[in-house]
Amino acid sequence: MASAAPASSTGSTKLDALKQTAAAQDPRKLSGVALYSRFAFAGAVCCSVTHGGLTPVDVVKTRIQLDPVTYNRGLIGGFRQVIAKEGAGALLTGVGPTFAGYFLQGAFKFGGYEFFKQQCINQFGYEAASNNRTAVYLASAAAAEFFADIALCPLEATRIRLVSEPTFANGLLGGFSKIAKTEGFAGFYSGFGPILFKQVPYTMAKFVVYEKAAEVAFSYMDKNTMSSGMQTTVNLGCGLIAGFAAALVSQPADTMLSKINKTKGLPGEGTTSRLIKIAKELGLRGSYTGIGARLFMVGTLTAGQFAIYGDIKKAIGATGGVEIAK
């Protein structure tokens, strides 16, 4: 997914644009639904696998955020506390909605990012998009994440309820049906504001930092002559940097999301008033509770996502997008 410069740059942005457009129209390359469905599939797999695989870390991170007085021994200590209190099986609490939710979210996020990036190029032209590529990356990521969050929010609400209240329900279907029955449609989207507040800046930081890191990396190496293993290594490194940046930007909203989904609000209490109350209770320091666990989690999963995404794209022939990095 890295936006590498044209393989043999002419030194002219306009000529490079013509070359890139010609390459994109190569009949051997995919386009339209055939291309973007592959982007979406690769994104769905990379997000569901990485988030699902890190479910134990997320369980501990969420417990630290929701009950910092009890879970006050850091990430490793938190693992020990959860296992001692509830057994090792508790570390997989919420794994069902995690896989399902992030499969959908990954499809919209990665597929949508590639789609909206291409639409920016179509709308403003290659040269303008290339000269303003940071804005293109940010706008494309924000638009993609908005639609991704609509798909993710109900399953994320279910996951957080299962993690925060171990006796709430037995798994994805039980938790989902219980929320639907007791709280209705609104119960699934009570955290939509916080999830947007968390995920949109997170995704914007994630993609723009990744793109910039990859741009620097590929300015020293020719992507077209690199081995597959080296490309995966570059994706891992750039993804790790992007993950750390994204975690720091989105941590306060992540903590608020965990809090607001833990229990339903009081009668007549709106989402905005609940968010304001939670923010006041947490303060800046409190909003970064569990940042150590989240840096580890987000850095690891983001690195894994970009590596898996790149490898799956190559495996299923998802090539043909126009790149705008110089």
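The values are calculated or read from the model by the stated rules, or taken from the named source; none is laboratory data. The shown structure was predicted, so the numbers you read here are calculated from the model rather than taken from an experiment. As a convention, Cβ positions derive from the backbone with ideal geometry for all residues, glycine included, and neighbour counts pool all protein chains shown.
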| message | For the range 55-86, give me each residue that is over 11 Å from ALA293 (Cβ atoms) and among the polar types (S, T, N, Q). | response | THR55, THR70, ASN72, GLN81
| request: Taking only the range 168-186 into account, find how many residues are under 13 Å from GLY96 (Cβ atoms) and basic (Lys, Arg). | output: 0
| message | Tell me yes or no: at least one residue of the range 84-91 is farther than 23 Å from SER250 by Cα, out of contact with any helix residue (DSSP H, G or I) (no Cβ under 9 Å at 6 or more places or on another chain), assigned to a helix (DSSP H, G or I) and touching a residue at least 12 places away in the same chain (Cβ under 8 Å). | response | yes
| said: Residue under question is ALA142, and the condition is that it be crowded, with 18+ Cβ neighbours inside 10 Å and either among the β-branched types (Val, Ile, Thr) or in contact with a Pro (Cβ under 9 Å, 6 or more places away or on another chain) (or both); does it hold? | reply: yes
| field | Failed item, numbered, when PHE39 is tested on (1) surrounded by fewer than 21 Cβ atoms within 10 Å (Cβ to Cβ); (2) under 29 Å from PHE207 (Cα atoms) | value | (1)
| So which residues in the range 143-167 are among the polar types (S, T, N, Q) and in contact with a helix residue (DSSP H, G or I) (Cβ under 6 Å, 6 or more places away or on another chain)? | THR158, SER164
| field | Flag for GLY283 being in a helix (DSSP H, G or I), at pLDDT below 85 and surrounded by fewer than 23 Cβ atoms within 10 Å (Cβ to Cβ) | value | yes
| note | Selection from the range 157-191 of residues of a type in the set (A, V, I, L, M, F, W, C), more than 19 Å from LEU92 (Cβ to Cβ) and either at pLDDT 85 or above or more than 26 Å from the chain's Cα centre (by Cα) (or both) yields ILE179, ALA180, PHE188
| query | Pairs under 6 Å by beta carbon, first residue within 10 Å of SER258 (Cβ to Cβ) in the range 61-82, partner among the small types (Gly, Ala, Ser) and not in a loop (DSSP other than H, G, I, E, B), six or more apart or different chains? | reply | LYS61/ALA293; THR62/SER258; ILE64/GLY78; GLN65/SER258; LEU66/SER164; LEU66/SER258
| What single numbered condition from (1) outside any helix (DSSP H, G or I); (2) among the hydroxyl-bearing types (Ser, Thr, Tyr); (3) crowded, with 21+ Cβ neighbours inside 10 Å fails to hold for TYR113? | (1)
| field | Single match in LYS223, LYS259 (criterion: in contact with a helix residue (DSSP H, G or I) (Cβ under 9 Å, 6 or more places away or on another chain) and closer than 30 Å to ARG133 by Cβ) | value | LYS223
| Residues of the range 92-110 classified as surrounded by 19 or more Cβ atoms within 10 Å (Cβ to Cβ), of a type in the set (A, V, I, L, M) and under 16 Å from GLY171 (Cβ atoms), total | 2
| query | Does VAL33 meet the test of being closer than 18 Å to ASP311 by Cα, modelled with pLDDT of 85 or more and surrounded by fewer than 21 Cβ atoms within 10 Å (Cβ to Cβ)? | reply | no
| request: Give ALA307, ALA293, ALA303, ALA325 a once-over and let me know the one that is in contact with an Asp or Glu (Cβ under 6 Å, 6 or more places away or on another chain), of a type outside the set (Val, Ile, Thr) and either within 29 Å of ILE76 (Cα to Cα) or surrounded by fewer than 22 Cβ atoms within 10 Å (Cβ to Cβ) (or both). | output: ALA325
